[in-house]
Structures are given as structure tokens and as C-alpha cells.
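Quick notes on the structure that follows.
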Amino acid sequence: METLHFIGGTIVLPHETIAQGQVTISRDRIAAIHHHPVRIRSGEAIVNLQGGYLVPGYVDLHVHGGAGADFMDGTPEAFRTVCQAHARHGTTSLLPTTTVARPEQILAVLDLCRRFQEEDTGGSRVLGAHFYGPYFGPEARGCHPADPLCAPQPEEYRPYLDRSASIVTATVAPELPGAEEFVRACRDRGIRCNAGHSHATFAQVEAAVQWGIRHVDHLFCAMSDRARLRQTQAYPMRGGLLEATLYFDELTTEVIADGKHLSRELLLLAHKIKGSDKLALVTDCNRALDMPDGEYLFGPLEGGERIRRQDGVGVMLDGKALASGVTGMDHAVRTFQQLTGAALVDVVRMATLTPARIAGVDQELGSLSVGKRADLVCLSAQLEVQQVYVDGTRVYDGAISEGTQVASSPSPR
Ligand SMILES: [Zn+2]
Ligand SMILES: [Zn+2]
């Protein structure tokens, strides 16, 4: 498609909306944004938003799987399956997130990330890996298997960092021995560093900010706080990773906004303190997206942890703890908006420009801006995904698309 015009709805920009605006894309780029409908040349195609919204494609910093597949399955088919599934939920860019597994399994996934940075998945684009584990604190492993957990050691992580071009972000628990050297080695290679699955003290996080850690995984989940911290003395009370994340302006963070992991008040607290520019929405979605309730493997088919999908979330088999999400980014956007009442531009920004900036791709992605890549989502007035475009190519056309067919525009008056 050479040129395509989106009309008949509200255009969502980073800080404002345009009612009855018009966005024009030309091949793979956004070519123009107008505050009012402009003349469309005969033969040029239009998409009528039918009173809904046009938003930038969602960017997911933390996602494991969907539609029965996990990135850790380590096959091209699994990558395509997950990326196509999340595209149906509005995600146009994502970071395949590894899980605690054997080194050869992790290396295979990093190699596939490199491949799909170039190759079309038929759905979401692969920005590169979120290297996640095995450098987690044992007390905070969550649903990840305990066996392969370890402290970072250069001879062990060198093969991973040799693939630095395929890694966007890497998570480490700052309290582990060797964490500082790992963070500095990552930073030298252009890899962004997160703290996560950690029982670090506030002081350890303060040090980690000096090493260059700039983001914290799933706020409130699998992290130390004042109450959970094991203290050698009764007083004074000390803070943990939670308090440090809220405190340090250098740190961005993310929330699993599926309405199951975190209550309304925790979403409100995170949003009030970090704001829409330092708080990203993530799905932390496992392979059970768009699948029936039942048992699934979190992580690789070989060696993954058995979990259950029930009540719209992943839980451990004993039902006593959560084990990642099972819903897409469209659900997170609707849920955050409904629970907190935040302005739509702010909620959309937390699913688009903010995660794009955290991943370092905001020059190209994350907002409806002239010159950026034409990654777009057409939403209904209820924020349901209608159509999804990656690089100007439609990768998803939703169920009610009969009324929104791309049609040649009538000759202008
Ligand atoms: Zn996690
Ligand atoms: Zn996760």
C-alpha cells in the first residue's frame, strides 16, 4: 500500500487527542498528521475508524509467550506464533523475555532474537531479547525453577554478552556477588540493565543505580520491601527494592496491569509516584494467552515450570501464588484505564512511548509522529483492537472489520 489515510476517529498523540483528525501513512512511515480531515486523492485508500481511536502500536518490554508457545521453546515457529498472537492484542514491538533455563536453551533463544530482528514474524516486531534470569535472588525466584539460578560469573555470561546485538535489556538481582561486574559489562556493550527478582536492600539498589541500572521489573512482584526484608537487627527498619524504585528518579519501572497481579490502589500508587513517563505497562504474558484454562509450562517445553491458567491469570499449581499473566496489552490498557481513571493519553503513553524510550527505540517507534514507523492500532470506542499495522502492513484485521474495510475513497468533491 503506497498511501493510506486513517479518518473518522480520535487520534491519540503522546499528550493530546485530536477528535476527527487524520493520519496518513506512506509505505512504512507516518507521513502526515492533520487536526481536521484533508482532501484525499482519488484512488488513495482510507480506513474509517468509525468513532474509535488510532493509537501507536503497543510496545511490550516483558513477555514470554502466547497461543500455546513460549519464546523459550526455541524454535522459529514458536517465535512466529507468539508474535502473531500478541499482534492480535495490539502489540507491534516486543522483547522476547527469556526464563531461567540451561545455557544452551538461552543461547538458542538469543540467536532466534537476532534472526527475527531482521526477519518478519507476521506479527509483532522483535526488538531483541530481555535477558531474564538466571541471575535472580533465590528468595525472589517466583515461578522460575530454582536449579539453574546462579550468581553472574564472567565465564558463564560471556557467551550471552557475545550476542549483545540480540539483547536489549538484562535483569540481575543487585545483591548477588558479581552483579556490579555484570552490569558494567552489559553497559559496555550497550545493553540496558534492570533490577528484578531481587531481595536487595535500599542501599544495594542505591549502589546499583551508580553502576547503571535504570529499570526495575514488575513493580511490587518478586521484590524486597520493608516488610519482606530479612533484617539482622530489629531496628531501624530499612527499605528494599520496592521503596528504592519509588524513590530514585533514575529508575523507570513497569506494572503487570492485568487487574489480577495488582489492585487498583497499587496501580494508583505506582502511577502517582513514577508518572506516565517512568511507568510502563507490561503483560508478563505466558503461553496461555488465548488458550483455555488448564495446565501449562512456564518457560521451555523441556524443563519449564508447571503452572495453571485460571481466573484470567497464571498461578502456581498449589494456587497460592501468581505465575505471570495470560492476557494481552489491549487488556492491560483497558484495565489500567478502568481501575485508575487515568487519562487515555497517559495510559496509551505507558503502553507505547514510555516502553519505547526504556528500550531505546523511541526515535523510531512509540508515538504517532511524522517520520516514525507506521506501527498503528485501530481501537473501537471501547478500546478493543480492530486493526493492527506493522511498518504500514496490516497484520491483523479484527472480527468486526466488515464495516472498516479498506476502500478506495470516492473522488473528492
Ligand atoms: Zn518475573
Ligand atoms: Zn516474567
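Values quoted throughout were computed directly from the atomic coordinates according to the rules given, and no laboratory measurement underlies them. None of these values were measured; they are calculated from a predicted model. Note that we place each Cβ from the backbone using ideal geometry, even for glycine, and neighbour counts take in every protein chain shown.
A compact table of results
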read-out	value
Straight-distance crosslink candidates among aspartates and glutamates, where the alpha carbon sits under 17 Å from Lys272 and sequence neighbours closer than 8 are dropped	Glu243, Asp249, Glu250, Glu254, Asp346
Potential extension, Arg184-Leu268 segment - 0.36 nm per residue separation minus Cα distance	26.9 nm
Loop sites in the stretch 202-264: trypsin sites (Lys or Arg not before Pro), DSSP, at most 10 other Cβ within 10 Å	Arg230
Student exercise, the chain dipole from Lys, Arg, Asp, Glu Cβ charges, in Debye to nearest 20	800
Distant-in-sequence amide H partners of Val395 (H built 1.01 Å from N, under 5 Å)	Val388, Tyr389, Val390
Under-5 Å amide H pairs with Gly133, H placed in peptide plane, nonlocal only	Thr171
³J(HN,Hα), Karplus 6.51/-1.76/1.60, whole Hz, each residue of the stretch 294-311, x for Gly, Pro	x, 8, 9, 9, 8, x, x, 4, 9, x, x, 9, 6, 9, 10, 8, 7, 6
Cα-based reach from Lys320 at 20 Å (exclusive), listing lysines while leaving out same-chain residues under 8 positions away	Lys260
Vicinal HN-Hα couplings computed from phi for the stretch 244-255 (Karplus, 6.51 cos²θ - 1.76 cosθ + 1.60; Hz; Gly/Pro x)	5, 5, 5, 7, 7, 5, 5, 9, 8, 8, 9, 10
Rotationally averaged projected area of the stretch 73-211 (alpha carbon convex hull; nm²)	8.3
Residues His64, His271, His34, sorted so that the one with the fewest Cβ neighbours within 10 Å comes first	His34, His271, His64
Residue exposure sequence - Thr10, Thr97, Thr335 - by fewest surrounding Cβ within 10 Å	Thr10, Thr335, Thr97
Relative contact order (percent, whole number), the chain, Cα cutoff 8 Å, 6+ residue spacing	22
Per-residue Cβ neighbour rank within 10 angstrom, fewest leading, Thr3, Thr171	Thr3, Thr171
Table column - 3J(HN,Hα) (Hz), the stretch 316-323, Karplus curve with 6.51, -1.76, 1.60, x for Gly and Pro	5, 4, 7, x, 8, 9, 6, 9
Projected area averaged over orientations for the chain, convex hull of C-alpha atoms, nm²	19.3
Relative contact order [Cα under 8 Å, 6+ residues apart], the stretch 3-57, whole percent	45
The stretch 12-105 - Rg over Rh from alpha carbon coordinates, Kirkwood radius	1.13
Cα centroid separation - the stretch 240-276 against the stretch 277-316, whole Å	21
Positive-pole candidate from Pro300, Thr352, Thr340, dipole of the stretch 277-352, charges at beta carbon	Thr340
Other-chain or far-sequence residues with amide H under 5 Å of Leu13's (modelled H)	Ile18
Separation of the Asp311 and Cys150 label points, Cα + 7 Å toward Cβ, nm	3.8
Antiparallel content of DSSP bridges confined to the stretch 58-358, in %, to 5	30
Contour minus Cα-Cα distance for Ala32 and Tyr235 (0.36 nm per residue)	67.1 nm
